[in-house]
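First up is the structure itself, then whatever we jot down about it.
Each reported figure results from applying straightforward, stated rules to the coordinates on display, with no laboratory input. None of these values were measured; they are calculated from a predicted model. FYI the Cβ positions are ideal-geometry reconstructions off the backbone, even for glycines, and counts take in every protein chain you see.
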Amino acid sequence: MKSPFLSVKDSSGERGAILVVVLVLVFAVTLALLAYLYLNNNNTLIASNLAVQNMAQEASDVGLDDASTWLNQLPTVPEILATSNSQALAPRFFLTMPTSGYLASNVNATTAPIQPPTDPQFWSQCAANNQCYQLPQPVTVGSQQFQVEYVIFPNGSPNQPLAGYEQNQSRAGSVSAYFYVAYVHVARVNGGGLGVTIQAVLRKVLAS
């Protein structure tokens, strides 16, 4: 015999389960959106930094050109001009590396190989200390302005046939060119913590 009372199905548990699923989905979508925004912002920042770094490398070409022009306008090799005084051609050229300020720890500059500055404060102080040459005007590349500095050292004496100089094609006769190591540092005028230091080999051709 059927019951005279209508049976009502309790759906509160089902509604609760649906609510939990909806909340989980909302939470997941929110996390995905936040992750997308973070990664997008991070990628934009990386792209911006890479763009500025590329501009800084372009600005370093101006420093290299200035160093090469100065070197090749000298009447003779700088070693001769600075024989009696390593500071004679300062701040562009030095016969030996500074034993302090240039390196994080003092070294014997007459025996240590030529190497870039390891003192993080060197480039911010070298122009004032007459230890590097600073271009008189900032270099503008794109939307950025850069301060360019450089210093030049002898190439040293690697094994033959590159004993720091170049002869003719038969490796005989008089020396026709000498080679030098230059370090060029580029930093944004307004700071920002970005600095680029490059190493290059410069060639001075002697008049025949």
Förster radius 45 Å - calculated FRET efficiency between Asn106 and Glu58 (Cβ-Cβ, nearest 0.05): 0.80
Relative packing of peptides 134-144, 181-191, 28-38 - highest average C-beta neighbours within 10 Å first: 181-191, 134-144, 28-38
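Quick one: order Val21, Val77 by neighbouring beta-carbon count within 10 Å, fewest to most. Write down the numbers at each step before the final one.
On the way: Val21 10, Val77 19.
Fewest-to-most Cβ neighbours within 10 Å comes out as Val21, Val77.
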Total formal charge among the other residues, if their Cβ is under 15 angstrom from that of Gln73, Lys/Arg +1 and Asp/Glu -1: +1
Förster radius 30 Å - calculated FRET efficiency between Ala177 and Asp119 (Cβ-Cβ, nearest 0.05): 0.40
Neighbour net charge for Asn129 - beta-carbon separation under 15 angstrom, K R +1, D E -1: -1
Per-pair calculated FRET efficiency, R0 = 41 Å: Asn129 and Leu37 via Cβ, rounded to 0.05: 0.35
